[in-house]
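Working notes, structure below.
The values are calculated or read from the model by the stated rules, or taken from the named source; none is laboratory data. All values reported here derive from a predicted model rather than from experimental measurement. Neighbour counts are summed over all protein chains in view; Cβ atoms, including those assigned to glycine, are modelled from backbone coordinates with ideal geometry. Please note that ligands, DNA and RNA were not included when accessible areas were found on the heavy atoms of the full protein model with its side chains. Shrake-Rupley method; radii C 1.70, N 1.55, O 1.52, S 1.80 Å.
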Amino acid sequence: MDNQQVLDLFINRGMIDHALAADIISEIDHSGKEIGEILADYQVINNRNDIWPMVAQELSTEMVDLTNWTPPDEILALIPAGMARLHGALPVNFTSEGLFICLVDPLNPQTVEDLRFALGREIHLLIAPDYVVEDRISEYYGGDGKAMEDILSQLEFGGPDMNAADLEAEANSAPIIRYVDLVLYQAIKEKASDIHFEPFEKEFKIRYRIDGSLYEMAPPPVHLALPIISRVKVMANMNIAERRVPQDGRIVKQFGEKQVDMRVSSLPTQYGESVVLRILDRSSVNLSLENLGLPPHIYEYIGETIEKPNGIFIVTGPTGAGKTTTLYAALRRINTIDSKLLTAEDPVEYDIDGIIQIPTHESIGLDFPRILRAFLRQDPDRIMIGEMRDIETAQIAIQAALTGHLVLSTLHTNDAPGAVTRLIDMGCEPFLVAASLEGVLAQRLVRTICKDCKSPYEPNEAILTQLGVSSHEIGDKSFYTGRGCDACGQSGYKGRQGLYELLDITDPIRDLIIERAPSVVVKQKAVELGMQTLREDGLRNIYLGNTTIEEVLKYT
């Protein structure tokens, strides 16, 4: 359930005030506990189950006890397995009045409307604790795998030579819709960042990227590749008849209480279209600098730099390193009523209130340089550029920085000093780069060890040599790894965190930039002046027990 809706219920009843509600939300964010537990900790209620009678009263319905309840098969058959899991809906009874159901999230009115429309029946809501409803859905509908099998058994397909109208009808058939919805639901439940639909000659793969690594799910039959991919394209408002050129689209879908935004990209291949969905987690746009896990000195430096009246601050790293998330967190810090903030992005990933965001549109000539030139006539205080990818964009950014604007941007380089030489290689004058650049932050994302199966271990000498440390340097420091458990899908990892390298552009570094010194020389000087490299930050996180040697070696 949405935590704010639950707290509003308690506020309306006079049981808590707005200040306590804010404290409770903060406690949920920091502790990860469920709202019922925290309300009990604050002694607002006796235990977490006390919420449910109040929810029933609020919705003018009744509580139902599902503890020893076994549903008849004919009742379960009223909601297909995929739909039950997707909407968190459990059928409990069916009478002349309609279908009586329990929901995992009863405070979301949209779910009832969706089910009413999809099933063509009158729906009545009953209330039971969400964890009980979830357990019963898993028990009686047999989990995601069983739901997938049930849907696949209903699927038939006309073949690869179907015309556009037949293909669209197939893509909009109920089993295909349910199957694709279940694939998306499972990916979001597993906190995947991408979903890959990949057709090959004799198989059709569906893979999820979770914490930076790809995992394959049970593949559907190869003959279903075309209708499944067509269904994704229909959802993304793409042309399903056009399979010869790459296309882009966007899907916005409600899963329970979460609205999920997905960027869709199709690519023609030898055996059909490969489609990738990038899942944009809206919770990351709510991240603040405090929650990024930055080392204290980098956190303070970024806080000071983004408050400066002018200059350029660059975040570098490969695709998927979290650069945009870091910049959004910085923008949220400086998004105040007395500042005009403009962003140029390709495309706009998240909407942030109070910031004017402009997507590039190459086909009509609306590229980064053109947007930036228009920006400077809009009297901005701070500007964010999605990426400095050409000389024209970089030159306008430098010009903006030198004329009293703070510019935030990203670059694709291997380390922080590499950003300096990249700008000069593009064609920027070294003295202008030295005058305008304030700092460069390089970052990588590494998987963190699962807390449920974390255990100490002794690394062998060979892997320590790869890491560049000797057993003498290590002393009595401990190393940890994840054994693998159900909580982390046997991978030993759960979640990700950043490794950071900060290049502060001080006068000695400026002198080297003006002299066109190579990246290696700039890096040596920066290390002399106290810069901690990505590898050193990786070592720090290994010693803290946050991540493993293998992860640090892989990304630094």
Point to revise | For Tyr328: the one exception among (1) of a type in the set (Phe, Trp, Tyr); (2) open to solvent by 50 Å² or more (accessible area, probe 1.4 Å); (3) touching a residue at least 24 places away in the same chain (Cβ under 8 Å) | key: (2)
**Study point:** Selection from the stretch 19-37 of residues that are modelled with pLDDT of 85 or more and not small (Gly, Ala, Ser)
**Key:** Leu20
Practice item. Return yes when Glu307 is part of a loop (DSSP other than H, G, I, E, B), touching a strand residue (DSSP E or B) at 6+ places or on another chain (Cβ under 7 Å) and among the acidic types (Asp, Glu) and no when it is not. Key: no
Practice item. Being in contact (Cβ under 8 Å) with a residue 12 or more places away in the chain and either under 21 Å from Gln4 (Cα atoms) or crowded, with 20+ Cβ neighbours inside 10 Å (or both) is the filter here, so list the residues in the stretch 101-122 that pass it. Key: Ile101, Cys102, Leu103, Val104, Asp105, Pro106, Leu107, Asn108, Gln110, Thr111, Val112, Leu115
Review point. Which condition does Gln357 not pass, out of (1) open to solvent by less than 20 Å² (accessible area, probe 1.4 Å); (2) within 20 Å of Thr325 (Cα to Cα); (3) of a type outside the set (A, V, I, L, M), if it passes all the others?
Key: (1)
Check your understanding: For residues in the stretch 528-545 being open to solvent by less than 60 Å² (accessible area, probe 1.4 Å) and either modelled with pLDDT under 90 or not in a loop (DSSP other than H, G, I, E, B) (or both), which is nearest to Val433 (Cα to Cα)?
Key -> Leu534
Review point. So which of Glu58, Glu97 ends up being more than 30 Å from Leu182 (Cβ to Cβ) and open to solvent by 60 Å² or more (accessible area, probe 1.4 Å)?
Key: Glu58
Practice item. Can you confirm whether the stretch 407-424 contains a residue that is in contact with a Cys (Cβ under 7 Å, 6 or more places away or on another chain) and either among the polar types (S, T, N, Q) or surrounded by 15 or more Cβ atoms within 10 Å (Cβ to Cβ) (or both)? Key: no
Check your understanding: Would you say Arg278 is modelled with pLDDT of 90 or more, in a strand (DSSP E or B), open to solvent by 40 Å² or more (accessible area, probe 1.4 Å) and touching a Leu at 6+ places or on another chain (Cβ under 6 Å)?
Key -> no
Check your understanding: For the stretch 192-272, which fully contained strands (runs of 3 or more DSSP E) count at least 2 residues that are open to solvent by 80 Å² or more (accessible area, probe 1.4 Å) and not hydroxyl-bearing (Ser, Thr, Tyr)?
Key -> 247-255, 258-269
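For Gln490, indicate whether it is farther than 19 Å from Leu423 by Cα, of a type outside the set (Lys, Arg) and open to solvent by 50 Å² or more (accessible area, probe 1.4 Å). Let's see the steps before the verdict.
Values: farther than 19 Å from Leu423 by Cα: yes; of a type outside the set (Lys, Arg): yes; open to solvent by 50 Å² or more (accessible area, probe 1.4 Å): yes.
When the stated conditions are applied, Gln490 passes them.
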Point to revise | The one condition in (1) open to solvent by less than 60 Å² (accessible area, probe 1.4 Å); (2) farther than 24 Å from Gly322 by Cα; (3) of a type in the set (Phe, Trp, Tyr) that Tyr480 fails to fulfil | key: (1)
Exercise for review: Can you give me the number of residues within the stretch 69-87 that are open to solvent by less than 20 Å² (accessible area, probe 1.4 Å), assigned to a loop (DSSP other than H, G, I, E, B) and at pLDDT below 85?
Suggested key: 1
Review point. Which of the residues belonging to the stretch 546-555 are of a type in the set (Asp, Glu) and either open to solvent by 20 Å² or more (accessible area, probe 1.4 Å) or on the phi > 0 side of the Ramachandran plot (or both)?
Key: Glu550
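Being farther than 26 Å from Leu287 by Cα and open to solvent by 60 Å² or more (accessible area, probe 1.4 Å) narrows it down to one residue among Arg516, Arg496; which is it? Walk me through how you get there before you give the answer.
On the way: Arg496 fails: farther than 26 Å from Leu287 by Cα.
From the options Arg516, Arg496, the qualifying one is Arg516.
If we keep just the residues of the stretch 203-216 that are of a type outside the set (S, T, N, Q) and touching a residue at least 40 places away in the same chain (Cβ under 8 Å), which is nearest to Tyr555 (Cα to Cα)?
Step by step, filter the stretch 203-216, then rank; the result is Gly212.
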Check your understanding: Are any residues in the stretch 43-55 farther than 15 Å from Asp130 by Cβ and loosely packed, with under 13 Cβ neighbours inside 10 Å, and if so, which ones?
Key -> Gln43, Asn46
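Go through the stretch 182-200 and give me each residue that's under 19 Å from Ser266 (Cβ atoms) and touching a residue at least 60 places away in the same chain (Cβ under 8 Å).
Applying the first criterion (under 19 Å from Ser266 (Cβ atoms)) to the stretch 182-200 yields 183-184, 187, 192-200.
Those that are under 19 Å from Ser266 (Cβ atoms) and touching a residue at least 60 places away in the same chain (Cβ under 8 Å): Leu184, Ala187, Ala192, Ser193, Asp194, Ile195, His196, Phe197, Glu198, Pro199, Phe200.
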